[in-house]
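Report on the following structure.
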Amino acid sequence: MSNLEKEPEELVAEAAGAPPAAVELLEPREVPLGGPRAMPVRRTLPQRGRSLIGAWCFADHYGPDDVSVTGGMHVPPHPHTGLQTVSWLFAGEIEHRDSTGAHAMVRPGELNLMTAGAGIQHSEVSTPGTTVLHGVQLWTVMPDTSRHGEPFFERFVPPVFGFEGASVSVFLGSLLGRTSDATTFSPIVGAQFDLPARASVTVPVEASFEHGVLVDTGDVSLDGVAVPVANIGYRAPGATKLTIATGDAPARLLLLGGEPFDEQIVMWWNFIGRSHDEVVASRERWMAEVIDGASTEGQFGEVTGYDGPALPAPQIPLGRLKPRQ
């Protein structure tokens, strides 16, 4: 998914200092995804108070969205650098095309993982048969040792298993003795939990990881602290277990975690680099090669099969991209 904000905020992200031991709530802000009726999404990462949870650097939560009202998702070809896109649906279907030649349908319970590396472009469009669209779009930042590689696309269907009355699927990394086959570049975990009403599970986790619980539905508490729908409950490194409980209704949530990412990054629009100049250069190449049609063999390649033009990049803010205070 693209960041379609016309004036995306500039951000330099770096490993944060030691946060408090208690659960920290990360509240979402609503962002229009674009299109004629602007499907809204709720963005919890990045934000001023916290840019990363492990390598997780971007989290959009959307739906349940009535496609007949909003028009659904229609994101033209757009670029990415230095990251992986993690597409995960609860309802509906999205057609994915990218410049590696991949053409896939994103469906509930099936991980679609796109590794941008040095550069890629892709489009995402909800299918005509989709009436309700509901899911998350997540990004992970790639470390400097890996981010200059070739782009690629992969799909993984994680098995669903039971744990203390919950249904769990581990779509990225390892948890509870299960490991995803999908490619990762840093110690990380991503898993879906479906819990019945008035339930409680205690999940053993890596003490070196920081963790976030993104609530999709239901009344959920993390270690005794209520986490509202579309919020993330954050726990700093040091915890060896997380206790997740539900209220009077069933709940669904994502557990996201990883070792704190110790590299400074510059993240603007759909690019992740290490400096202002690198991000500016990526934007200039996108505009020259794709928007102005200078080359189909450049940094971002070409998306075939999409009917329409690619998405122009916004203007870089005046001055240099600088740390967010």
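The values are calculated or read from the model by the stated rules, or taken from the named source; none is laboratory data. On a predicted model such as this, the values are computed, not experimentally measured, just so you know. Cβ: placed from backbone, ideal geometry, glycine included. Neighbour counts: every protein chain shown.
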Residue list for the range 37-74, restricted to those being hydroxyl-bearing (Ser, Thr, Tyr) and either in contact with an Asp or Glu (Cβ under 6 Å, 6 or more places away or on another chain) or at pLDDT 90 or above (or both): 44, 51, 62, 68
Subset tally (residues that are in contact (Cβ under 8 Å) with a residue 40 or more places away in the chain, under 15 Å from the mean Cα position of the chain (by Cα) and over 15 Å from residue 151 (Cα atoms)) for the range 97-121: 2
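Per-residue answers, yes or no, for (1) surrounded by 15 or more Cβ atoms within 10 Å (Cβ to Cβ); (2) of a type in the set (Phe, Trp, Tyr); (3) within 23 Å of residue 51 (Cβ to Cβ):
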{"position": "194", "(1), (2), (3)": "yes, no, no"}
{"position": "197", "(1), (2), (3)": "no, no, no"}
{"position": "213", "(1), (2), (3)": "yes, no, yes"}
{"position": "221", "(1), (2), (3)": "yes, no, no"}
{"position": "226", "(1), (2), (3)": "yes, no, no"}
Residue list for the range 167-183, restricted to those being free of Cβ contacts under 8 Å to residues at least 60 places away in the same chain and either not β-branched (Val, Ile, Thr) or not in a strand (DSSP E or B) (or both): 167, 174, 176, 177, 178, 181
Residues located in the range 179-204, provided they are among the small types (Gly, Ala, Ser) and closer than 20 Å to residue 136 by Cβ: 180, 182, 186, 190, 191
Sole exception among (1) in a loop (DSSP other than H, G, I, E, B); (2) touching a Pro at 6+ places or on another chain (Cβ under 7 Å); (3) free of Cβ contacts under 8 Å to residues at least 60 places away in the same chain for residue 215, by number: (1)
Residue ID - farthest from residue 256 (Cα to Cα), chosen from residues in the range 10-36 that are of a type in the set (Gly, Ala, Ser) and modelled with pLDDT under 85: 35
Residue 100 vs. criteria β-branched (Val, Ile, Thr), over 28 Å from residue 211 (Cα atoms) and modelled with pLDDT under 95: no
Count of residues meeting criterion [within 15 Å of residue 80 (Cα to Cα) and surrounded by 17 or more Cβ atoms within 10 Å (Cβ to Cβ)] in the range 268-325: 22
First in the range 45-59 and over 15 Å from residue 80 (Cβ atoms), second anywhere and aromatic (Phe, Trp, Tyr) and assigned to a strand (DSSP E or B), Cβ under 6 Å, 6 or more apart: 45/58
Those residues of the range 175-217 which are closer than 22 Å to residue 251 by Cα and among the small types (Gly, Ala, Ser), in sequence order: 190, 191, 197, 199, 200, 212
The range 285-313 residues that are more than 24 Å from residue 152 (Cβ to Cβ) and among the polar types (S, T, N, Q), paired with ones that are surrounded by fewer than 20 Cβ atoms within 10 Å (Cβ to Cβ) and at pLDDT 95 or above (beta carbon under 6 Å, 6 or more apart): none
Number of the exception - residue 129 against (1) outside any loop (DSSP other than H, G, I, E, B); (2) closer than 17 Å to residue 95 by Cα: (1)
Residue match in the range 276-296 (condition: under 27 Å from residue 95 (Cβ atoms), of a type in the set (Ser, Thr, Tyr) and modelled with pLDDT of 95 or more): yes
Residue satisfying condition, being in contact (Cβ under 8 Å) with a residue 24 or more places away in the chain and outside any loop (DSSP other than H, G, I, E, B), within set 143, 79: 79
Options 236, 251, 245, 230; residue that is aliphatic (A, V, I, L, M), on the phi > 0 side of the Ramachandran plot and in contact (Cβ under 8 Å) with a residue 40 or more places away in the chain: 230
